[in-house]
Amino acid sequence: MASIIWERDVAEVYDATWSAMFDPAVLNPAVDLLAELAHQGPAIEFAIGTGRVALPLSARGVPVSGIELSPHMAEQLRAKPNADAVPLTIGDMTTTRVAGTFTLVYLVANTIMNVTTQPEQVDVFANAADHLEPGGCFVVEVIVPQLRRVPPGETARVFEMKTSHVGIETFDDLVGQIAWSHHWMEVQERLVRHSAPYRYVWPSELDLMAQLAGLRLRDRWASWAGEPFTSESTSQIAVFEKPARPGNASVQPAAFPVPRQAYI
Ligand SMILES: C[S@@+](CC[C@H](N)C(=O)[O-])C[C@H]1O[C@@H](n2cnc3c(N)ncnc32)[C@H](O)[C@@H]1O
């Protein structure tokens with residue numbers, strides 16, 4: 001398995017550590033777009049974590065379930081109000097199959113990169129495609145690798161420099177596309193030290209993985225608010241679609257009023 005299990009000490013402080021991601025200004029545009037793409041649902045979140053996105057999406061009336069590898073993250077989710085509305089399966093998103101088909105599968109917060117080999121990232125796409133009904137969408141939120149920001153001759157860069165959070169990423173294996181992110185964070189008045197490997201993945205590589213899984217790129221935006229994706233974009237919301245069966249008009253494309261990806 002190419003993912004590490006998030007342990008209890010990390011799970012217990014996840015929401016506090018990443019509180020900025022729970023800010024309604026950050027979360028609401030994501031939930032708005034996912035609700036729109038889900039139509040009536042059902043939806044499934046791969047790597048659901050503590051339910052940051054799934055719980056508000058469920059509160060909008062979209063039936064949501066989830067797959068999560070870490071029992072400790074799952075425990076945090078299960079302790080929250082209304083968590084019983086979100087069925088949860090402990091498993092690896094590369095292989096775990098939840099019964100039924102879904103109008104939306106989504107994988108956010110850079111978590112495709114937590115799977116640290118290319119074949120297993122390909123498996124995530126295949127598994128997403130297997131969960132989708134024809135016409136359904138697989139949504140991936142992931143950064144664009146920032147190798148251009150690494151100074152010449154160096155293998156690392158500081159990506160966060162606050163008194164409450166210092167973050168450094170090291171590009172350790174350019175062939176395997178393996179980097180590590182290292183964090184020193186002050187959370188609830190104590191120092192949290194966290195390091196993890198990730199496999200960075202290029203936009204075109206995502207498109208190829210989707211193609212291997214029988215999906216096609218429908219939209220790519222630079223943010224949940226629908227900003228155009230360009231060569232300068234540092235993150236992306238990619239929407240891959242499972243082709244609808246001929247004559248099946250039950251799932252319509254989202255009427256999101258923004259341009260499709262534009263490489264500028
Ligand atoms: C950055 S958190 C994101 C959690 C949640 N999606 C969110 O947006 O807050 C990454 C999550 O992915 C889970 N994870 C990592 N690899 C996984 C895998 N192969 N299958 C399922 N879950 C995985 C971790 O346990 C963790 O809960």
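The values are calculated or read from the model by the stated rules, or taken from the named source; none is laboratory data. This is a predicted model, so every value here is computed, not measured. Positions of Cβ are generated from backbone atoms using ideal geometry, with glycine treated the same way; all protein chains shown enter the neighbour counts.
Things worth noting here:
- Residue count for region 124-151, restricted to those that are small (Gly, Ala, Ser), farther than 18 Å from Ile237 by Cβ and more than 14 Å from the ligand (Cβ to nearest atom): 2
- When Ala85 is tested against (1) away from the ligand (no atom under 11 Å from the Cβ); (2) closer than 25 Å to Phe229 by Cβ, just one condition goes unmet, and that condition is (2).
Listed here are the residues, each with its yes/no results for (1) in contact (Cβ under 8 Å) with a residue 24 or more places away in the chain; (2) in contact with a Ser or Thr (Cβ under 9 Å, 6 or more places away or on another chain); (3) in a helix (DSSP H, G or I); (4) within 26 Å of Leu206 (Cβ to Cβ).
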| site | (1), (2), (3), (4) |
| --- | --- |
| Thr89 | yes, yes, no, yes |
| Ala99 | no, no, no, no |
| Val105 | yes, no, no, yes |
| Cys137 | yes, yes, no, yes |
| Pro145 | yes, no, no, yes |
| Gly153 | no, no, no, no |
| Arg157 | no, yes, no, yes |
| Ile168 | no, yes, no, yes |
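- Pick from region 173-213, criterion part of a strand (DSSP E or B) and of a type in the set (Ser, Thr, Tyr), ranking: modelled with the lowest pLDDT: Ser195
- Sole exception among (1) assigned to a loop (DSSP other than H, G, I, E, B); (2) within 10 Å of the ligand (Cβ to nearest atom); (3) touching a Phe, Trp or Tyr at 6+ places or on another chain (Cβ under 6 Å) for Thr94, by number: (3)
- Ala20 at positive phi and hydrophobic (A, V, I, L, M, F, W, C): no
- Residues located in region 184-202, provided they are out of contact with any Lys or Arg (no Cβ under 7 Å at 6 or more places or on another chain) and not aliphatic (A, V, I, L, M): Glu186, Gln188, Glu189, Arg190, Arg193, His194, Ser195, Pro197, Tyr198, Arg199, Tyr200, Trp202
- The residue that is nearest to the chain's Cα centre (by Cα), among those in region 1-34 that are surrounded by 18 or more Cβ atoms within 10 Å (Cβ to Cβ) and of a type in the set (Gly, Ala, Ser), is Ala30.
- Consider region 52-76 and keep the residues that are among the aliphatic types (A, V, I, L, M) and more than 9 Å from the ligand (Cβ to nearest atom). The one that is surrounded by the fewest Cβ atoms within 10 Å (Cβ to Cβ) is Ala59.
- Enumeration of residues in region 99-123 that are closer than 14 Å to Ile48 by Cα and either within 12 Å of the ligand (Cβ to nearest atom) or surrounded by fewer than 20 Cβ atoms within 10 Å (Cβ to Cβ) (or both): Tyr106, Leu107, Val108, Ala109, Asn110, Thr111, Ile112, Asn114
- Remark: pairs (first residue in region 1-25, without any contact (Cβ under 8 Å) to a residue 24 or more places away in the chain; second residue within 12 Å of the ligand (Cβ to nearest atom) and among the small types (Gly, Ala, Ser); Cβ separation under 7 Å; 6+ apart in sequence or on different chains) are absent.
- Subset of region 1-51 that is touching a helix residue (DSSP H, G or I) at 6+ places or on another chain (Cβ under 9 Å) and acidic (Asp, Glu) - its residue that is nearest to the ligand (Cβ to nearest atom): Glu45
- The one condition in (1) in a strand (DSSP E or B); (2) at pLDDT below 95 that Phe240 fails to fulfil: (2)
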